[in-house]
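Report on the structure given below.
Values quoted throughout were computed directly from the atomic coordinates according to the rules given, and no laboratory measurement underlies them. Here the structure is a predicted model, which means the values were calculated and not measured. Cβ: placed from backbone, ideal geometry, glycine included. Neighbour counts: every protein chain shown.
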Ligand SMILES: Cc1cc2nc3c(=O)[nH]c(=O)nc-3n(C[C@H](O)[C@H](O)[C@H](O)COP(=O)(O)OP(=O)(O)OC[C@H]3O[C@@H](n4cnc5c(N)ncnc54)[C@H](O)[C@@H]3O)c2cc1C
């Protein structure tokens, strides 16, 4: 990492998640290396107990082959996930900086493992031991030691500029507005999923009632996006895109996901199937399923229906993060009654499904797309894991769609600079969820990684230095 400039600067970082902590720590390191006094303040709108946004609640899987290595196909995969709308230079820099960023995180005592999560294998991932809570705790401690000042329950309200450059940030704390001088600001305050009005504007009716996946998600109300928009910042990313997952409707826990639905069927509250439950690996279907459940189904609820052969799948518990046991019944009629769907429709749906499960159940393999497809006459189709639901007890999980984060955000370049008319706004940087680089579907396990990589770059740039390319 090369430090190349020397003027002391006042830096404000907005947000204490992965992006903000990385920015504060790297700015402090750059200033320290240049022999400068550290003037870095990190503010978060949440109280100290709750700050850390989505990161605090996230297992923080990161899409890497190992802590030292990216998959060679990473950039290509990002372009595929974004429908070729992703910024090649952004994803190329992400791939290039990721191993060094992980090494850097390890220097703060973060250890990494290769995690086992849901059953169907996805792209390779690494995970920090202890997940988001440990990341936030360790990095906050290190940032304090490095001289970063923290302010909690402190909301960023407005960016002040003079002659086109950043001069200050207006904050609100304890009911009072103050203006903090700043030479550079790093916006790391998340997407707009916690803002009912913005959700409704961009996703339409019902968006404002969508469940937020974790307690930390509600703080991300698009404030940074709106502040930068007042400076006429360029926007980017897919404004109709969000990452959502199916969670147990009965659980109040954070992210009580139920990711075994591909091994059975899913019905709506009239007892009918509505999508191909086996249409791909978990990360290829969960977002579409969760969004369809919330926006298209009556009552915004769905039911995953399985039989007792679920318990024979090795490690099936890994794919269920709900603390509530499934509803169970000895007959399908009783199960229909328990979940409150029309018994006749439900019986017809299961009968039609079972009749189309004509493949060899011996080829069932939960860990990959096993090709065990239902007969083509079944509509909607079931492309994999089509095994009859016939061994009692029968099980049901009521599921709702829960939003984790939104894709629409600020346009940034590969230096994490916020752009206006395609050129950097002097002194303004952004990283993490607030930046608009995702389109169509969330690339699996990239959100935390890119928050760290570009947070680190943003901190260095804000301090007037740069990360070696
Ligand atoms: C349950 C769950 C599981 C997930 N799993 C994964 C995973 O395995 N892999 C992955 O890559 N991604 C995952 N994600 C997504 C990922 O965790 C987040 O997208 C990422 O951590 C966002 O980091 P960030 O720093 O951009 O924002 P955040 O971590 O959300 O931090 C934003 C911070 O800004 C603060 N803030 C907001 N507005 C203001 C304001 N006006 N003034 C001051 N402060 C403000 C908030 O309080 C918050 O602390 C998951 C998310 C959740 C919730």
Fewest-first ordering of 385, 239 by Cβ atoms within 10 Å yields 239, 385
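Arrange 159, 225 by Cβ neighbour counts within 10 Å, fewest through most, would you? Display every interim value, and only then the final one.
Details: 159 25, 225 28.
Arranged by neighbour count, lowest to highest, 159, 225 become 159, 225.
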The stretch 52-98 versus the stretch 259-307: alpha-carbon centroid distance in Å: 27 Å
Compute the relative contact order of the chain as a whole-number percentage, counting only Cα pairs closer than 8 Å that sit 6 or more residues apart in sequence. 25 percent
Spin-label pair residue 153/residue 49, simplified geometry with 7 Å Cα→Cβ offset, distance in nm: 1.1 nm
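Ignoring everything except DSSP H segments at least 4 long, calculate the 222 nm mean residue ellipticity for the chain; use -39,500 (n - 2.57) per segment, divide by total residues, nearest 500.
After summing the helix terms and dividing by the residues of the chain, the value is -8500 deg cm²/dmol.
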For the stretch 27-46 and the stretch 365-402, what is the separation of their Cα centres, given in Å? 52 Å
Bridge orientation stat for the chain from DSSP, antiparallel percent rounded to 5, came to 70 percent
Longest principal axis of the chain (C-alpha) makes with the long axis of helix 131-145 (C-alpha) an angle, in degrees to the nearest 10, of 10 degrees
Counting other beta carbons within 10 Å of each residue's own, what order do 261, 90 fall into, fewest first? 90, 261
